[in-house]
1. Carbon and sulfur atoms: what percent of the 1.4 Å accessible area of the chain do they account for?
2. Dipole size in debye (nearest 20) for region 46-110 around its Cα centre, Lys and Arg Cβ +1, Asp and Glu Cβ -1?
3. What trypsin sites (Lys or Arg not before Pro) does region 59-100 have in DSSP loop regions with at most 12 other beta carbons within 10 Å?
4. Any idea of the accessible area per residue across region 11-63, 1.4 Å probe, to the nearest Å²?
5. How large is ³J(HN,Hα) for each residue in region 86-95, as worked out from phi by the Karplus curve 6.51 cos²θ - 1.76 cosθ + 1.60 (θ = phi - 60°), to whole Hz, x for Gly and Pro?
6. Can you give the alpha-carbon Rg of the chain over 2.2 N^0.38 Å, where N counts its residues?
7. Treating the beta-carbon of each Lys and Arg as +1 and of each Asp and Glu as -1, no other charges, what is the dipole magnitude of the chain about its Cα centre, to the nearest 20 debye?
Amino acid sequence: VQLQASGGGLVQAGGSLRLSCAASGRAFSSFAKGWFRQVAGKEREFVALFDWRGARTFYADSVKGRFTISRDNAKNTLYLQMDSLKPEDTAVYYCAIKIGSGSVSDAALYRYWGQGTLVTVSS
């Protein structure tokens, strides 16, 4: 399985972006999939997760109410709709597949990290 994130860019505070994560390979729909973000010098931070079992979603408190995670199985693609963006949302955003049981925010439980896409929010 390979993942490729795209859709990042420069946007003003209050604006919106939609990130996409295209997957190649099998078994994409069988696993929970998530988005993380990372700022240089800091640890990778959990953003959101889509769990296909019951179509449950999980969000970090910092993005709840502003970001929406979704998927399109037919296209093997995961999305992250980001609205009301803030300068503190600036980061490289990564998608990955959760293969271990445990906390949704534990990056060690994820594999097949995509290349990442840069989101820059100007004030």
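1. Ligands and nucleic acids excluded, carbon and sulfur give 48 percent.
2. Around 220 debye, computed over region 46-110.
3. Of the trypsin sites (Lys or Arg not before Pro), the ones in loops of region 59-100 whose Cβ has at most 12 other Cβ atoms within 10 Å are K64.
4. Counting only protein heavy atoms, the per-residue value for region 11-63 is 54 Å².
5. Once rounded to whole Hz, the list reads 10, x, 6, 7, 4, 4, 8, 9, 10, 10.
6. After normalising by residue count via 2.2 N^0.38 Å, the value is 0.97.
7. Once rounded to the nearest 20, the dipole reads 340 debye.
The values are calculated or read from the model by the stated rules, or taken from the named source; none is laboratory data. From a predicted model like this one, the values you see are computed outputs, not experimental measurements. As a convention, Cβ positions derive from the backbone with ideal geometry for all residues, glycine included, and neighbour counts pool all protein chains shown. Protein only, heavy atoms only, side chains kept; ligands, DNA and RNA dropped before computing areas. Shrake-Rupley method; radii C 1.70, N 1.55, O 1.52, S 1.80 Å.
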